[in-house]
Amino acid sequence: MTFLAAMLVACVGIYAQKAMKAPAGGKAISDELLGIFFEDISSAADGGLYAELIQNGSFEFNPTERDGWGPGTAWRITRPGHSLGWIEAGTDQPLNSNNPTFMRLHTERVGHYYDFNGWTGFGIQNDGFDGINLKAGAKYNFSIYLRNVKGDSKKVRIALSEPQPGWGKAPKLIADAELVVSSNGWQKYEVQLTAQESASKANLQILSLSTGILDVDMVSLMPQDTYKGHGMRKDLAEALAALHPKFMRFPGGCVVHGGGDGFWDTYRWKTTVGPKEQRKGIKNTWGYHQSMGLGYFEYFQFCEDLGMEPLPILPCGVSCQGTNGGWGMKDQAQDCVPMEEMDEWVSEALDLIEWANGDVNTRWGRLRAEAGHPKPFNLKYLGLGNEERISPEFIERFKYIYEKVRAAHPEIVIVGTAGPGSHPGNRDFEAGWKLADEIGLPILDEHYYEPRDYFLNKRQYDDYPRDRKTKVYLGEYAAKDKKLIDALAEGLYLLHVERNGDVVCMTSYAPLFARKNATNWNPDLIYFDNERPYLTCSYYVQQMFGQSAGQYYYGDCVTIDDATNLQGQSVVLNTKTRQLFVKLCNASGDSKMGHLNLSRFKGMKSAATMTVISGQPEDENNYEQQPIAPKTSPLKASKKMDIELAPYSMVMLQMTL
């Protein structure tokens, strides 16, 4: 075969794959059903997905974030060789007004090398987030801003080390470098450090080897090996990629609009997209500091890296429903932006669209290009508001910003909110849907967390009107535990969502991440420490649905003997990839038999795979053990098959047409 002929055959094959027509009997459904929701809760960003290894590198921690916190939080003085000195926080002539605090080192005496086995100098030490995890042979990019305030040029040693047990023992050196600081103005210094061996509890030391006064700010230590080189912790990013998510909602959650503290610390995207030293860190709703190293630019870039649609959420002038101690109260006070100031929040939305989609000749598009992304991000979705109480004040402000954005950008799909506890009969739910119907809102975001029995027994979307213009985004949901039975309950509910994929267009489990020893909320989809992620039972169920996205649902291809509400099934066809997926769930303690009739699907190949999640109902993946993981094996498929469903199991068959 000639090269030209081979290319022709290949092109015909590609065309044939894309040209598949769905057999009769199917229902068109959303192929974006499975996405992820990222909120910076439980240290999901700093110390989590954002790969920065230094905590409080900009010295901006403060008591408004947590009692007892200050610029020196996560830092301590180190003075090997009996060196002497003292430190103080400063704000005069800062690096940037958004980052006003720095640390000043007063070095009075530098000890002799022989005093401490070769270690000397006066400075500060950072242990990262419960220690710095280093890998032998790995390269790390270190950067710092320094200013020589008083005295001659100064030598500064940057050292990665690991403490050794025993009194008076010098730390083990993992990597180091030396800088010379002469400028009396702020100057950035960058070095590459290569770890000579692995260490799980390493620290960073910044040591002045000269007497005098030195200012320090914006200390950073970043692994070179991040996800696609864009600053995301690789193993956590890979765990998300393995979910095959179609979109990502960010940055919250209650993080969006000030949480329980009121509207004053609302997230402002414009302070998160410039150079890192110019970004403005704020108090996190969940009681810690957000450095904004993971900002809107990184969120959008990460969506691009994983092939996800970005779904940013902006405030719409009303605070979180938890403000002023209002959690659980029906008529709590809300902090509201005066209507005469609402145009500022309209601009937040319009400028974001221009930043994401505008060409390089626009004001905000130019800033995106200067950050390293001249091509537009092609933003499609925009959320306005998050889970607020649907009060008259909310409705007035939501309508105002919604109408302004729609008029300027009718191509953008707006996602609204149905408030917390999004079940029929709930006051906010009913008011949210009334507003959605009135204005023709494209998508409404529903949230609810319930015990497993709800997800085992309720089928909320079976009764939704089919002629409604507004589609559902189930933006936050989870069973209230992380046992296998909870994951199977969620799986049954998602089978119900798939069956209603003409009404529900998107879903995302919440919360996504939780750091060990820094967890604000349980359960979560992925737990992690410095070493690795710990994937829950629910994670594997979510993964199964992410792997089986399609455009058509078939509800009459599978029957299950003696089925109850504890069993469920779906058949989904992806016409783009020519893949057919059959999912079956058995959340009972009895074996069940499923009968498949796939005769309508022509050209089905016999080579297929079967993936099974199974175990005991109380099994749980945690830091000590991981008993639950999917098992995939080859399967010889046929048009008519019987599949035995073990107790407490979920099965997915994947076939090619």
Residue in region 370-388 that is more than 20 Å from Tyr299 (Cα to Cα) and either touching a residue at least 40 places away in the same chain (Cβ under 8 Å) or open to solvent by 20 Å² or more (accessible area, probe 1.4 Å) (or both) present: yes
Selection from region 624-649 of residues that are over 26 Å from the mean Cα position of the chain (by Cα), surrounded by 13 or more Cβ atoms within 10 Å (Cβ to Cβ) and closer than 25 Å to Leu566 by Cα: Met641, Ile643, Leu645, Ala646, Pro647, Tyr648, Ser649
Counted residues, region 549-580 - those being part of a loop (DSSP other than H, G, I, E, B), of a type in the set (Gly, Ala, Ser) and either without any contact (Cβ under 8 Å) to a residue 40 or more places away in the chain or within 25 Å of Leu525 (Cβ to Cβ) (or both): 3
Qualifying residues in region 169-188 (those that are under 20 Å from Gly90 (Cα atoms) and not small (Gly, Ala, Ser)) - the one most open to solvent (accessible area, probe 1.4 Å): Asn184
Those residues of region 281-313 which are over 20 Å from Ile353 (Cα atoms) and surrounded by fewer than 19 Cβ atoms within 10 Å (Cβ to Cβ), in sequence order: Gly287
Pick from region 534-548, criterion in a helix (DSSP H, G or I) and open to solvent by 10 Å² or more (accessible area, probe 1.4 Å), ranking: nearest to Glu620 (Cα to Cα): Tyr540
Condition broken by Lys583, with the remaining ones in (1) open to solvent by 10 Å² or more (accessible area, probe 1.4 Å); (2) within 20 Å of Tyr648 (Cα to Cα); (3) part of a strand (DSSP E or B) satisfied: (1)
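Residue-by-condition table, conditions (1) aromatic (Phe, Trp, Tyr); (2) closer than 29 Å to Glu88 by Cβ; (3) part of a loop (DSSP other than H, G, I, E, B); (4) touching a Lys or Arg at 6+ places or on another chain (Cβ under 8 Å):
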{"position": "Arg157", "(1), (2), (3), (4)": "no, yes, no, no"}
{"position": "Ser161", "(1), (2), (3), (4)": "no, yes, no, yes"}
{"position": "Trp167", "(1), (2), (3), (4)": "yes, no, yes, no"}
{"position": "Gln196", "(1), (2), (3), (4)": "no, no, yes, no"}
{"position": "Asp215", "(1), (2), (3), (4)": "no, yes, no, yes"}
{"position": "Asp235", "(1), (2), (3), (4)": "no, no, no, yes"}
{"position": "Ala239", "(1), (2), (3), (4)": "no, no, no, no"}
{"position": "Met248", "(1), (2), (3), (4)": "no, no, no, no"}
{"position": "Gly252", "(1), (2), (3), (4)": "no, no, yes, no"}
Filtered residues of region 461-486 (kept if under 27 Å from Asp590 (Cα atoms) and either in contact with a Phe, Trp or Tyr (Cβ under 7 Å, 6 or more places away or on another chain) or open to solvent by 20 Å² or more (accessible area, probe 1.4 Å) (or both)): Asp462, Ala478, Ala479, Lys480, Asp481, Lys482, Lys483, Leu484, Ile485
Conditions (1) in contact with a Ser or Thr (Cβ under 9 Å, 6 or more places away or on another chain); (2) open to solvent by 30 Å² or more (accessible area, probe 1.4 Å); (3) in contact (Cβ under 8 Å) with a residue 40 or more places away in the chain; number of the one not met by Ala199: (2)
Test result for Leu444, touching a Leu at 6+ places or on another chain (Cβ under 8 Å) and either open to solvent by less than 70 Å² (accessible area, probe 1.4 Å) or among the hydrophobic types (A, V, I, L, M, F, W, C) (or both): no
Test: residue in region 452-459 that is touching a residue at least 40 places away in the same chain (Cβ under 8 Å) and among the hydroxyl-bearing types (Ser, Thr, Tyr): no
Hits in region 30-81 - residues which are part of a loop (DSSP other than H, G, I, E, B), at pLDDT below 95 and open to solvent by less than 20 Å² (accessible area, probe 1.4 Å): Glu65
Residue match in region 82-89 (condition: open to solvent by 20 Å² or more (accessible area, probe 1.4 Å), within 35 Å of the chain's Cα centre (by Cα) and over 16 Å from Asp127 (Cα atoms)): yes
Asp225 under 20 Å from Trp286 (Cβ atoms) and either of a type in the set (Val, Ile, Thr) or surrounded by fewer than 23 Cβ atoms within 10 Å (Cβ to Cβ) (or both): no
Enumeration of residues in region 150-168 that are open to solvent by 40 Å² or more (accessible area, probe 1.4 Å) and within 21 Å of Ser210 (Cβ to Cβ): Lys150, Gly151, Asp152, Ser153, Lys155
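The values are calculated or read from the model by the stated rules, or taken from the named source; none is laboratory data. Just so you know, these numbers come straight off a predicted model, no measurement behind them. A quick note on method: Cβ atoms are made from the backbone with ideal geometry, for glycine too, and the neighbour counts reach across all protein chains shown. The protein model used for the area step is the full one, side chains on, heavy atoms only, and it has no ligands, DNA or RNA in it. Shrake-Rupley method; radii C 1.70, N 1.55, O 1.52, S 1.80 Å.
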